[in-house]
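Colleague: Structure below; questions to follow.
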Amino acid sequence: MTYGTIFITGAASGIGRALAVALSAPGRQLHLADCQQRGLDETAATCKAKGAETHLTCLDVTDQNAMTQWCTQAADRPIDLLLVCAGVTGGVDACEKDGAAFETLEQIRRMMAVNLDGALNAILPMMTRMRAQPLRKTGHLTRQRGQICAIASVAGLVSYPGTPSYSASKAALDRFLVASGAYSRKAGIHLSSVCCSFVDTPMVAQNCFPMPGLSSVERAVTHILRGLKRRRRRIIFPAWLVLGSRFMDVLPIWLAEAYYIHQPTGRPGSMPRLDQ
Ligand SMILES: NC(=O)c1ccc[n+]([C@@H]2O[C@H](COP(=O)([O-])OP(=O)(O)OC[C@H]3O[C@@H](n4cnc5c(N)ncnc54)[C@H](OP(=O)(O)O)[C@@H]3O)[C@@H](O)[C@H]2O)c1
């Protein structure tokens, strides 16, 4: 499909920004949303320099009304692609004397609100809108109405003790998209979930541990755009780490737990809390 009109959340930074820039070209209309106005302006300046038309909205993705309103922009045109990139992360606090470690209640609620509800606040109105769009030719045998892709995480494929609510929010997002994909495809709407390891963005800049499978943001964008072109339901990279994580998830829980809590990755206190 040739993308003409594209909506992106989380476009002020990291993966969302890099996707916006990579997709910028003359004739393309980009609708960019984020809670950081300055970051949005910077993204838009680069996109415009590449010839794209940009429309910026500063909002919080947890605001359902604002998101529904955002999804009505460009009412005169079909939407080709929605990229859901806004997200937050955070780890469990440093260990207490007995080795116990917890997330704050506020962090757990916020993680679910942004990573799951915030994503649905974009996906659901856009699915409704795409269902009413005409089917358009995308190849000699294929036709589609639109594509929706959200950045989940490899953390959604494992029960990761260092970031429980992040794992849970991303697991729900990934499972929703993958499970909804079969019937949506019949309506010409292609859904994709990105399950990737660490990507070098401001989100992970303060992590105090070696990040396995760390990709540059440019490499991540290449994987995502290739996966979208092939209409992959689940876009994964790096494959070795995603497949290794799937293997961990079929092990007895005690064994996977014993492995994970002895890894430096995500050890209590090694990732900033959401409010830090
Ligand atoms: N980087 C990684 O290693 C990695 C790996 C797997 C998956 N992911 C996922 O990929 C997505 C993009 O991550 P990234 O690395 O590009 O992070 P990033 O650089 O922090 O960009 C995320 C953007 O979303 C914004 N945002 C956060 N909460 C929001 C809200 N409630 N409403 C509107 N905008 C909000 C952020 O603003 P603030 O700066 O104010 O928070 C930021 O501008 C996230 O969903 C993340 O979970 C990232």
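Colleague: Can you give me the relative contact order of the range 89-202 as a percent, contacts being Cα pairs under 8 Å and 6 or more apart?
Modeller: 28 percent
Colleague: What's the extension gain from LEU251 to THR68 if we count 0.36 nm per residue and subtract their Cα-Cα distance?
Modeller: Taking LEU251 through THR68 to full extension adds about 61.7 nm, to one decimal.
Colleague: Separate question: Treat every Asp and Glu Cβ in the range 101-250 as -1 and every Lys and Arg Cβ as +1, leave all other atoms uncharged, and give the resulting dipole magnitude about the Cα centre to the nearest 20 debye.
Modeller: My answer is approximately 1200 debye.
Colleague: Let me ask something else about it. So which residue, out of GLN37, GLN69, GLN147, gets the largest mean-square fluctuation from a GNM of the chain using Cα contacts under 10 Å as springs?
Modeller: Of the options given, GLN69 has the highest mean-square fluctuation.
Colleague: Follow-up. Could you work out the relative contact order of the range 11-129, using alpha carbon pairs under 8 angstrom and six or more residues apart, expressed as a whole percent?
Modeller: 24 percent
Colleague: Using 7 Å Cα-to-Cβ label points, what is the THR222/LYS48 separation (nm, one decimal)?
Modeller: So the two model labels end up 3.1 nm from each other.
Colleague: At a 10 Å Cβ-Cβ cut-off, how would you order CYS85, CYS208, fewest neighbours first?
Modeller: CYS208, CYS85
Colleague: Can you tell me the 0 to 90 degree angle between the C-alpha axis of helix 37-49 and the longest principal axis of the chain, rounded to 10?
Modeller: Tilt relative to the chain: about 50 degrees.
Colleague: Under the 0.36 nm per residue contour assumption, what length would be gained going from the current alpha-carbon distance of LYS186 and ARG77 to full extension?
Modeller: The LYS186-ARG77 span can extend by a further 37.1 nm.
Colleague: Connecting C-alpha atoms closer than 10 Å in a GNM of the chain, tell me which of ALA33, ALA168, ALA179 has the biggest fluctuation.
Modeller: So, out of ALA33, ALA168, ALA179, the one fluctuating most is ALA179.
Colleague: By DSSP, what percent of the beta bridges with both residues in the chain are antiparallel, rounded to the nearest 5?
Modeller: The antiparallel fraction comes to roughly 5 percent.
Colleague: Can you give me the angle between helix 239-250 and the longest principal axis of the chain, using Cα atoms only, in degrees from 0 to 90, rounded to the nearest 10?
Modeller: 60 degrees
Colleague: Further question on the same structure: So if R0 is 35 Å, what FRET efficiency would ASP200 and ALA132 give, r being the distance between their Cβ atoms, rounded to the nearest 0.05?
Modeller: 0.35
Colleague: Related question: What residue among MET112, MET126, MET248 has the largest mean-square fluctuation in a Gaussian network model of the chain, using Cα springs under 10 Å?
Modeller: Among MET112, MET126, MET248, the largest GNM mean-square fluctuation belongs to MET248.
Colleague: Just subtract the alpha-carbon distance of PHE209 and VAL178 from 0.36 nm times their residue separation and send over the number in nm, one decimal.
Modeller: Roughly 8.1 nm would be gained on extension.
Colleague: Please state the relative contact order of the range 155-230 as a whole percent: Cα pairs under 8 Å, 6+ residues apart?
Modeller: With pairs under 8 Å counted, the relative contact order is 21 percent.
Colleague: Of ILE236, LEU255, MET271, which is farthest along the charge dipole of the range 168-276 in the positive direction, counting Lys and Arg as +1 and Asp and Glu as -1 at C-beta?
Modeller: Among ILE236, LEU255, MET271, the one farthest towards the positive end of the dipole of the range 168-276 is ILE236.
Colleague: Further question on the same structure: With label points built 7 Å along Cα→Cβ from the Cα atoms of CYS58 and CYS95, find their separation and express it in nm.
Modeller: Between CYS58 and CYS95, the label points sit 4.3 nm apart.
Colleague: Roughly speaking, what is the centre-to-centre gap between the range 1-74 and the range 156-206 when only Cα atoms are used, to the nearest Å?
Modeller: What the calculation gives is 20 Å, centre to centre.
Colleague: Can you give the % of DSSP beta bridges in the range 1-127 that are antiparallel, to the nearest 5?
Modeller: If I count the DSSP bridges inside the range 1-127, around 0 percent turn out antiparallel.
Colleague: Ranked by Cβ crowding within 10 angstrom, fewest neighbours first, how are HIS223, HIS31 ordered?
Modeller: In order of increasing Cβ crowding within 10 Å: HIS223, HIS31.
Colleague: Further question on the same structure: If I model a spin label as a point 7 Å beyond the Cα along the Cα-Cβ vector, how far apart are those points for ARG38 and SER159 in nm?
Modeller: 4.2 nm
Colleague: Set the Förster radius R0 to 41 Å, insert the Cβ-Cβ distance between THR142 and THR104 as r into 1/(1 + (r/R0)^6), and round the FRET efficiency to 0.05.
Modeller: The calculated FRET efficiency here is 0.30.
Values quoted throughout were computed directly from the atomic coordinates according to the rules given, and no laboratory measurement underlies them. Treat the numbers as computed from the prediction; the structure is a model and nothing was measured. All Cβ positions, glycine included, derive from the backbone under ideal geometry; neighbour counts span all protein chains shown.
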